[in-house]
Amino acid sequence: MLLDFSTLFLVATLICTLLGGMLLYFGRQEKIAALNWWGVAYLLGAAAVAQWQFLRLLLPDVVVLSLASIGFIACGMMWNAARVFHGLKPTWPGLVIGAVAWLTTVFSLPPGSESLRVAIGASIVALYAALTAAQLFAERRSTMKRQWAAMLVPLLHGAVLMLPIVLDELLPAPNSDSSNNIWVLIFAIELVLYAVGTVFVIFMLVSERAVRAHKTAASQDPLTGLFNRRGFSEATARMIEREGAAGRPVTVMIFDLDHFKSINDRFGHPAGDEVIKLFASIVSGSLRISDLCGRIGGEEFAALLPCSIDEAMTAAERVREAFQNCGMEIDGTPIATTVSIGLAGGPPHVELEVLLAAADTALYQAKRGGRNRVVAAVEEPLSLEQGRRQAAQRPEPRQQIIVRNAISVGA
């Protein structure tokens, strides 16, 4: 054999140490707590392998076996790292319970129980591997291909550890040095592959999350957390297509905060930002989870509801009342907060631009009528192409949007 077992485990120790240091470095650089957990887990794993291989000739067996509990803490840290990566809190009992179980085994089993001790140790590691796989698989936003990769690596690790135990039960054979040496060789090689494969999965998941964060930032308004104009357009296009395929209507709302410029001029832009954030929270809380809303301008918001215009009128009035009655104060001074709302409903597959244009005309009517009111367009807007054709056939231009309803409680 070209490499003896000591050399193989030395290589495994060095690789785990190198990968652990790399994970810690990137964890500090990118401020990702989960990478720090994974990095420490790798370093503890490297320490456990090193002491098991190189100190067993120098220290009593009970000391070497006790120090092996470091490896089980490393397994617990791998599981907790997956939890932290998914935004969960680490479970401290879960971190140490494997080590406690191992120490209990070391001090409670009688001499000559090496096979049972190995079986218990392998079972603990396999259980941690299964928990880690389940936690990584729980990232629902990942693609299925990457979910399977994240789950498969720790599962294979646990399976390899349990394989000799299962085979020993199914195919009992006399214990021999040659068979033991083969399994030690397999474990050493598998340890290296598992360490490298896990780091590959970790960076794959981190990279995917970074890409998703950039996409979210490109479509999200940083002040309110709602969609920005781009994100709103993309999301509403998908909803219009989905609702159109089912033959269901949609309705667009446009909100414009009344006298917002005077608030900025009187109290400053920070106060104006607070008003913007307050309205964003009100409109989000007043609409259904299936409705889409976004900030499409300075003090202008929009929403798309998969419902008829009559249902949307009720929702719009709910938003208007909630904003008017929010009782906002700036430096102890009450602020009159009102909003004008324009609505337009359309048939299945109507273009978003057409709905926005119709709702904007209704919003203009609300502003001209005294503000703090809801106005809807009664005539269903045409498609862009139909509108051009109809306009070309008319001898004189006429207003396409007809105001159907106005709800007002005073400016």
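The values are calculated or read from the model by the stated rules, or taken from the named source; none is laboratory data. Source: prediction; values computed, not measured. In this analysis, Cβ positions are derived from the backbone assuming ideal geometry, glycine residues included, and neighbour counts consider all displayed protein chains.
List of remarks:
- Qualifying residue in region 86-95 (condition: free of Cβ contacts under 8 Å to residues at least 60 places away in the same chain, surrounded by 14 or more Cβ atoms within 10 Å (Cβ to Cβ) and over 39 Å from the mean Cα position of the chain (by Cα)): no
- Matching entry among Ala99, Ala129 (being in contact with a His (Cβ under 7 Å, 6 or more places away or on another chain) and either assigned to a helix (DSSP H, G or I) or in contact (Cβ under 8 Å) with a residue 40 or more places away in the chain (or both)): Ala129
- Those residues of region 310-365 which are more than 33 Å from the chain's Cα centre (by Cα), among the charged types (D, E, K, R) and part of a loop (DSSP other than H, G, I, E, B), in sequence order: Asp331
- Condition check for Val252: in the same structural domain as Ile335 (by TED's automatic domain parsing), surrounded by 21 or more Cβ atoms within 10 Å (Cβ to Cβ), under 18 Å from Ile335 (Cα atoms) and aliphatic (A, V, I, L, M): no
- Any hit, region 280-292, residues being assigned to a helix (DSSP H, G or I), free of Cβ contacts under 8 Å to residues at least 60 places away in the same chain and touching a Lys or Arg at 6+ places or on another chain (Cβ under 8 Å): yes
- Single residue of region 27-63 satisfying the filter (surrounded by fewer than 17 Cβ atoms within 10 Å (Cβ to Cβ) and assigned to a helix (DSSP H, G or I)) that is modelled with the lowest pLDDT: Phe54
- Contacts under 9 angstrom Cβ, first residue in region 102-121 being without any contact (Cβ under 8 Å) to a residue 24 or more places away in the chain, partner assigned to a helix (DSSP H, G or I) and among the aromatic types (Phe, Trp, Tyr), 6 or more apart: Ile120/Trp102
- Beta carbons closer than 8 Å, at least 6 apart along the sequence or on distinct chains, pair a first residue in region 204-224 that is of a type in the set (S, T, N, Q) with a second that is modelled with pLDDT of 80 or more and not in a helix (DSSP H, G or I) for Ser219/Phe227; Ser219/Asn228; Gln220/Leu226; Gln220/Phe227; Gln220/Asn228; Thr224/Arg295.
- Matching option when the condition is within 25 Å of Thr361 (Cβ to Cβ), in the same structural domain as Arg371 (by TED's automatic domain parsing), of a type outside the set (Lys, Arg) and modelled with pLDDT of 90 or more, among Asp258, Asp273: Asp258
- Positions within region 184-226 being aromatic (Phe, Trp, Tyr) and touching a helix residue (DSSP H, G or I) at 6+ places or on another chain (Cβ under 6 Å), in sequence order: Tyr194
- Single residue of region 204-240 satisfying the filter (surrounded by fewer than 12 Cβ atoms within 10 Å (Cβ to Cβ) and at pLDDT 85 or above) that is farthest from Glu30 (Cα to Cα): Arg238
- Any hit, region 46-54, residues being touching a Ser or Thr at 6+ places or on another chain (Cβ under 7 Å) and polar (S, T, N, Q): yes
- Residue in region 149-156 that is modelled with pLDDT under 75, under 23 Å from the mean Cα position of the chain (by Cα) and either exposed (fewer than 14 other Cβ atoms within 10 Å of the Cβ) or among the β-branched types (Val, Ile, Thr) (or both) present: yes
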